[in-house]
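The values are calculated or read from the model by the stated rules, or taken from the named source; none is laboratory data. Bear in mind that the values here come from a model prediction, so they are computed numbers and not experimental data. Virtual Cβ from ideal backbone geometry, glycine too; neighbours counted across all protein chains shown. Side chains included, ligands, DNA and RNA excluded: accessible areas come from the protein's heavy atoms. Shrake-Rupley method; radii C 1.70, N 1.55, O 1.52, S 1.80 Å.
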Amino acid sequence: QLTPSSFLRIGQLSNVDLNEDIHELETEVPRQRPNEIPHNEKLLSLKYESLDYDNSENQLFLEEERRINHAAFRTVEIKRWVICAMIGILTGLVACFIDIAVENLAGLKYRVVKDNIDKFTAKGGLSFSLLLWATLNASVVMVGSLIVAFIEPVAAGSGIPQIKCYLNGVKIPHVVRLKTLVIKVCGVILSVVGGLAVGKEGPMIHSGSVIAAGISQGRSTSLKRDFKIFEYFRRDTEKRDFVSAGAAAGVSAAFGAPVGVCLGSLALSSACTWISSGGCSHLPGGSWLLVTLDGLWMIFRSSLCCGQPGPCVLSFSSLTPAGGILGALFNALNYWLTMFRIRYIHRPCLQVVEAMLVAAVTATVGFVMIYCSRDCQPIQGSSVAYPLQLFCADGEYNSMATAFFNTPEKSVVNLFHDPPGSYNPMTLGMFTLMYFFLACWTYGLTVSAGVFIPSLLIGAAWGRLFGISLSYLTKGSIWADPGKYALMGAAAQLGGIVRMTLSLTVIMMEATGNVTYGFPIMLVLMTAKIVGDYFVEVRAASSCTPLGSQALSEWEQAVLLQMVHLPHASALFPGPVHCFGACELCGTVPSHLFPAKVFVERANLSVVQRRLKLKDFRDAYPRFPPIQSIHVSQDERECMIDLSEFMNPSPYTVPQEASLPRVFKLFRALGLRHLVVVDNRNEVVGMVTRKDLARYRLGKEGLEELSLAQT
């Protein structure tokens, strides 16, 4: 007979008949998709499961940990560094492959279109050149959108919101699969070659995360190959650390910014992983400038524009609000556009058509802008990759084509480094206006793409325009160099859209190779973020995909302050809990709790059919068999099942009188999947899950409670 102390209390569950479930699944008729999907921002989806970043210290786990001696521990640590080295090498190779592919394919496209434009400029019929450019763009983007929409939809966008959700404990299906990596790489190449207003830097973060997830597990579930290595790391806790390191490797490969990797990893996850913190503390060279007072003073003194700090700081400060305002406008427009896409453009075929339309419109706008521009610059001494003469005189090229008739990365470089006088103010103004709306329309399409480079390009254009205007007013003063203001405008625009400060400061310093601009870049980014948050708090990384329905817990101090006025932890969970003994009849245990068929004969409790080991769970991780695949016969329902060796005897608990901010901090900081609530007698009275806490969001009228939806 079981005593009350031997009972294990878990959340309220009901018995499930497996046969009835399977029958319902077989007879269910797929519903036709409606023309409009009703979307309610006040609903929290229940279809996403949570990852468990807290090790369950059950008997199986503790037995394995006790068997690890000093030599085995050193071996595990060596394997960690080997895995990280492999992640860095493969992520770098993928980045090289993307760069080479984009360079060659985009170069081929632009050469073909340039030859066609040069041919028809002389004898007329430039409409054929426009048709060729639009057709090439639409065709390439069609292929990139098809593979994303029909093969792996999770590869759409930059992937940063999905990786952020994964690092925060939300299990997004297929987010770190090998197929996702292949579609991501091919899709971003086709998107950039197709002339869309996108960049390849954001998808590199997702690609590095997928590489890390695959290597750290020592097998590929997609290819059904198990190499029987790195089996110790097959659990959520270890896998999360490597995914965070892979995301950091993606940042480094995309921007060439290893120092910013540490801060970028912090921005994606709730805590710096062991590899990022280790890398931060052992950086050689000039990183001491960032952490010593002498270094900070040197940055402050040397960065202020040739010894003229007053005019320089005032001019930088005057352009930063524009970055915050334009970033807020970009995010607001993109948010409304995303809601429209969710309601009306949810079919894959419509998503592909929209991507093709945007590609054709982008080519058309670029052609019309180049055709109408009369900004001609001497070609001698210029570094233009594909100079278009069009209606300019011999020896000159169309300056508008430098921005439109090029990949976005090269356009940014040109705006940073071209000498003064390379662009007419009207050219920069029209380009900024048109490219702003094109980038806003493009971000959120069903293609693999990022928003970093388009943001930099928009900001570089209006920043250089600001510098030209300032140069006119100051009669060519040396501190009014347009290239410097292009850099500051790019930083302001990027900060206004993605709302990141410290990590972007370091990344941009490393990308430009000039540490002396650290202080003004930080000033610009912080001001742009403050101004942007004042108008619109939505950032591009969270507005481009419908992630608002997922249980993602942010560090929002305002939410914590509002939660003080809510009831205690006992108000979070509905109804009483249901109790199970350490040994129970299989018929009384809900069938979706069966880890496997580990039964004890009902006549003799000492006879065990088979004892599971932790290796059995790791061999099945992360794709555990569905409950529908487990058949429990009537005789087996009369057997006993011992749950004690699978249950955690020392879970994290909170008293039912605990405030919700305290529960939130524990849940968020420890990466928990659930938190047990106990009364004053230390008996379980409930269980708080991620979705219970995520129901509360900070809305326009204060704290709001979301409803729960099954979709």
* **Contour excess over end-to-end distance, with Cα ends at residue 474 and residue 237 and 0.36 nm allotted per residue** => 79.5 nm
* Can you tell me the relative contact order of the stretch 366-520? Whole percent, Cα pairs under 8 Å, sequence separation 6 or more. => 18
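Provide the FRET efficiency to the nearest 0.05 for the residue 669-residue 437 pair, computing r from the beta carbons and using R0 = 45 Å.
0.65
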* Can you check what the net charge comes to around residue 213, using other residues whose Cβ is under 10 Å from the Cβ of residue 213 (Lys, Arg +1; Asp, Glu -1)? => +3
* Structure fact -> Plugging the Cβ-Cβ distance of residue 72 and residue 653 into 1/(1 + (r/R0)^6) at R0 = 30 Å yields, to the nearest 0.05, a FRET efficiency of 0.40
* Asked: What number, in percent, do you get for the relative contact order of the stretch 75-275 if the mean sequence gap of Cα pairs under 8 Å and at least 6 apart is divided by its residue count?
  -> 24
* Structure fact -> Here the FRET efficiency for residue 317 versus residue 393, based on Cβ atoms and R0 = 45 Å and rounded to 0.05, is 0.65
* May I ask you to rank 372, 639 by accessible area, largest first, using a 1.4 Å probe over the protein chains only? => 372, 639
* Asked: Stretched out fully, how many nm does the piece from residue 695 to residue 372 gain, at 0.36 nm a residue minus the Cα gap?
  -> 111.0 nm
* Asked: Stretch residue 108-residue 49 to full length: gain in nm at 0.36 nm per residue minus the Cα-Cα span?
  -> 16.7 nm
* Structure fact -> With every protein chain in place, the accessible area of residue 417 for a 1.4 Å probe, in Å² rounded to the nearest 10, comes to 140
* Let me know the shape class of the stretch 75-275, please: from the alpha-carbon gyration tensor, a ≥ b ≥ c as square roots of the eigenvalues, rounded when a/c is under 1.5, otherwise prolate if a/b is greater than b/c, or oblate. => prolate
